[in-house]
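FYI, it's all coordinate maths here, none of it is from the lab. Predicted, not measured: the structure shown is a model, and the values here were computed from it. Glycine also receives a Cβ, built like all others from the backbone with ideal geometry; neighbour counts cover every protein chain displayed.
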Amino acid sequence: MAKYTLGKPTFNVDEPSSLVHQSASPNALIYDISKFPVVPTNQIILSINLQMGKTIYGAKMKFTNNKRFHLELAFFSKEALEVWATKPIILLGKNIMPIVAHSGRKSFFSISLSGVSLCDKQEVMNKLLDIFGKLEKISTIKPKLWEGTSICSDNWLLTYDTTDMKDLSTITANIPRLVTIFGDRVFVT
């Protein structure tokens, strides 16, 4: 079975190049703590408390496949968040930079494209923007890379920002299921 990883977006409106982390807290930062699986949670929170003091009002662990991967910190103010958004926290002598969390009130709709021509990424991105950009606001376009490499596969992921849409059927009804890109048939799922 083929394994893929998403490449950095070739087209990126206002979303981060890394994974999008959402939070219901308006002033939240996310930290990747996956490198510390055996460190007790209380020890991590105590370390955070010593570094940040009263600038945060809450902390939450985020799990993936029953493993602790991320730490979400909610700040009392936007100003405090802005200070810590550019500073690392230090855990066990390692600097960990934050990822700004996006509002949990945002919604996205992604489509997968398979059979995409193996061409220059910029050319493919321009063609995808031309074909699919007419439907709604595209948030990101990312190539799927072969896992552990920077080599593109023939699969891409295109994500629309549907936060302000009242009815998703408007977009889903207008997305073609098959398009031609540089002479190759591309299947849309």
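Classify the range 76-189 as rounded, prolate or oblate from the Cα gyration tensor: take a ≥ b ≥ c as the square roots of its eigenvalues, call it rounded if a/c is under 1.5, otherwise prolate when a/b beats b/c and oblate if not. Could you put the intermediate results ahead of the total?
Details: a/c = 3.19, a/b = 1.56, b/c = 2.04.
Oblate.
Under a Cβ-Cβ cut-off of 13 Å, what is the net charge of the residues other than SER34 that fall near it, where Lys and Arg count +1 and Asp and Glu count -1?
Numbers: positive: LYS35, LYS62, LYS67, ARG68, LYS94; negative: ASP32.
Value of the local net charge: +4.
Amide H to amide H under 5 Å from TYR160: which residues, 5+ apart in sequence or cross-chain, H placed 1.01 Å off N in plane?
Residues meeting the amide H criterion: PHE109, SER110, ILE111, SER139.
Could you tell me which of rounded, prolate or oblate describes the range 59-103, using a ≥ b ≥ c as the square roots of the eigenvalues of the alpha-carbon gyration tensor, with rounded for a/c under 1.5 and, failing that, prolate when a/b is larger than b/c and oblate otherwise? Present the calculation step by step, with values, prior to reporting the outcome.
Working: a/c = 2.39, a/b = 1.30, b/c = 1.84.
In terms of gyration-tensor shape, oblate.
Where does each of TYR160, TYR57 land when they are ranked from fewest to most other beta-carbon atoms within 10 angstrom?
Values: TYR160 22, TYR57 13.
Sorted ascending by nearby Cβ count, the order is TYR57, TYR160.
Arranged from highest to lowest average of other beta-carbon atoms within 10 Å per residue, in what order do the peptides 139-147, 181-189 appear?
On the way: 139-147: 19.4, 181-189: 13.6.
In descending order of packing, they fall as 139-147, 181-189.
Report, in listed order, any pair from LYS62/LYS94; LYS54/LYS78; LYS67/LYS87; LYS121/LYS142; LYS62/LYS87 with a Cα-Cα distance greater than 18 Å. Walk me through the numbers on the way to the answer.
Numbers: LYS62/LYS94 20 Å; LYS54/LYS78 14 Å; LYS67/LYS87 26 Å; LYS121/LYS142 9 Å; LYS62/LYS87 21 Å.
Pairs exceeding 18 Å: LYS62/LYS94; LYS67/LYS87; LYS62/LYS87.
So what's the gap between the Cα centers of the range 54-76 and the range 83-133, to the nearest angstrom?
21 Å
So which aspartates and glutamates can LYS166 reach, going by Cα to Cα under 13 Å and dropping same-chain residues fewer than 8 places off?
Once the sequence-local aspartates and glutamates are set aside, what remains near LYS166 is GLU136.
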